[in-house]
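Heads up, the thing below is written out as structure tokens.
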Amino acid sequence: MDSRIPICKPWIGEKEKQYVQECIESSWISSKGRFISKFEQKVSDFIGAKYCSSTSNGTTALHLALLAIGIKKGDEVITTNFTYVASTNSILITGATPVFCEIRESDLNIDSSLIEKLVTKKTKAILVTNVYGYMVDLVKIKNICKKHNLYLIEDAAESFGASLGKDMSGSYSDISTFSFFGNKTITTGEGGMVICKQKKHFEKIKQLKNQGNSLSQTYFHDILGYNYRMTNIQAAIGCAQIDNIKEILERKSIVYHKYEKLLSNKVKFLNKLKGSTPSYWMVPVIFDKVEQKRETENILNKNNIETRPFFTPIDLLPFYENSKCVVAKSIYRKGLLLPSFPSLRESEIEKICSLIIGN
């Protein structure tokens, strides 16, 4: 038996195997088949969204979202410098310019109080990420968008199942995206989803992701498009996954709060936004000193326990221009992500915590 404790592990059961087998036996294994529309409907029902369009992965979902609202060369999109690179890369791919806003140390999310001073005549949208599953202050940012006639884009890749008040992550913003990569709260192996409030955006995404194929005439391509479609096998896995979403979220919450109980005197945990419920996608902890983090990382690795560093601030990457944002740059070296998955046992959490406390 493998004694290694990974950082993430999908919760796969018999229903996933059953649905995939059904795909194989039906021969519908590519981008057509009953599970695709079924999965889109299940996501729509769960988060309370009107329009959901599945995609091949979370990055293509972001690209389609930006294209749907008309982001192009010369435009500016205000965003965070502390996120997975895919969200900001998607801005560059359209030809637009990302404008980085400072983050809050309390939850590592974009600081909504600093956004408005970055708005210019070129600004067309604000793209936020719910970092590690913690909700951004969408209400305040939405008000800024209304005032300046901007789109609000929510990268909800890490926050499937999180909520802000009565609104589920992905349902509040003008356009939102999910990722269903293998380490996400629910997975399709690869895969993504775009959630739209407006039908015109939904229709444009349907066409763009399907090689620009006409919505009224088969094998006639009205516009330049992409092959960004989800497969029926991916969707089949997703259908089985979302059937267990409540239990998955509950188990991840238990894992997080067990860590918090045992380690609160040793490390800092993030603070959730008032009125929100995180997805607890990951368990991020922050040490007082970089040396403490490195020592902990090493001792956990020696004990066959996988960890992951915090995101490198995007504006430190070689193909981005450095910004004046300093919070992420001061904190990312002191942060560590601990194993967090639904089947993680209490004894395993206790082992991890004892190694951290003893270090």
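The values are calculated or read from the model by the stated rules, or taken from the named source; none is laboratory data. On a predicted model such as this, the values are computed, not experimentally measured, just so you know. Quick reminder, even Gly has a Cβ in these numbers, built from the backbone with ideal geometry, and neighbours come from all protein chains shown.
Details
- In the range 174-187, of all residues being under 14 Å from the mean Cα position of the chain (by Cα) and part of a loop (DSSP other than H, G, I, E, B), the one that is surrounded by the most Cβ atoms within 10 Å (Cβ to Cβ) corresponds to Phe180.
Yes/no matrix, rows are residues, columns are (1) over 16 Å from Arg4 (Cα atoms); (2) surrounded by 14 or more Cβ atoms within 10 Å (Cβ to Cβ):
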{"residue": "Gln292", "(1), (2)": "yes, yes"}
{"residue": "Asn298", "(1), (2)": "no, no"}
{"residue": "Ser330", "(1), (2)": "yes, no"}
{"residue": "Lys334", "(1), (2)": "yes, yes"}
{"residue": "Phe341", "(1), (2)": "no, yes"}
{"residue": "Glu348", "(1), (2)": "no, yes"}
{"residue": "Cys353", "(1), (2)": "no, yes"}
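- Some residue of the range 330-339 being touching a residue at least 24 places away in the same chain (Cβ under 8 Å), within 16 Å of Lys184 (Cβ to Cβ) and not assigned by TED's automatic domain parsing to the domain that holds Phe46: yes
- Any hit, the range 221-229, residues being among the acidic types (Asp, Glu) and modelled with pLDDT under 95: yes
- Taking the range 206-232 as the range and being in a helix (DSSP H, G or I) and among the charged types (D, E, K, R) as the test, only Lys206 passes.
- Residues that are out of contact with any helix residue (DSSP H, G or I) (no Cβ under 8 Å at 6 or more places or on another chain) and charged (D, E, K, R), drawn from the range 41-74: Asp45
- A count restricted to the range 136-169 and to residues that are out of contact with any helix residue (DSSP H, G or I) (no Cβ under 8 Å at 6 or more places or on another chain), of a type in the set (Val, Ile, Thr) and closer than 22 Å to Tyr84 by Cα stands at 0.
- Residue under evaluation Arg294, criteria (1) in contact (Cβ under 8 Å) with a residue 12 or more places away in the chain; (2) assigned to a helix (DSSP H, G or I); (3) more than 21 Å from Ile110 (Cβ to Cβ), criterion not met: (1)
- Of the residues making up the range 308-333, those that are within 22 Å of the chain's Cα centre (by Cα) and not in a loop (DSSP other than H, G, I, E, B) number 11.
- Selection within the range 15-29 - in a loop (DSSP other than H, G, I, E, B) and either surrounded by 13 or more Cβ atoms within 10 Å (Cβ to Cβ) or not assigned by TED's automatic domain parsing to the domain that holds Thr187 (or both): Trp28, Ile29
- Qualifying residue in the range 291-298 (condition: outside the structural domain of Ser87 (by TED's automatic domain parsing), under 16 Å from Ser340 (Cα atoms) and out of contact with any Ser or Thr (no Cβ under 8 Å at 6 or more places or on another chain)): no
- The range 31-53 residues that are on the phi > 0 side of the Ramachandran plot, paired with ones that are at pLDDT 95 or above and not small (Gly, Ala, Ser) (beta carbon under 6 Å, 6 or more apart): Gly33/Asn232; Gly48/Met168
- Any hit, the range 51-68, residues being modelled with pLDDT under 95 and either over 19 Å from Ile233 (Cα atoms) or touching a strand residue (DSSP E or B) at 6+ places or on another chain (Cβ under 7 Å) (or both): no
- Of all the criteria given as (1) over 23 Å from Lys147 (Cβ atoms); (2) β-branched (Val, Ile, Thr); (3) touching a Cys at 6+ places or on another chain (Cβ under 9 Å), the one not satisfied by Val131 is (3).
- Taking the range 246-259 as the range and being farther than 21 Å from Tyr172 by Cβ and either of a type in the set (Val, Ile, Thr) or exposed (fewer than 15 other Cβ atoms within 10 Å of the Cβ) (or both) as the test, the residues that pass are Glu247, Ile248, Glu250, Ile254, Val255, His257.
- Every listed requirement among (1) part of a helix (DSSP H, G or I); (2) of a type outside the set (Lys, Arg); (3) in contact with a Leu (Cβ under 7 Å, 6 or more places away or on another chain) is met by Ala65 save one, (3).
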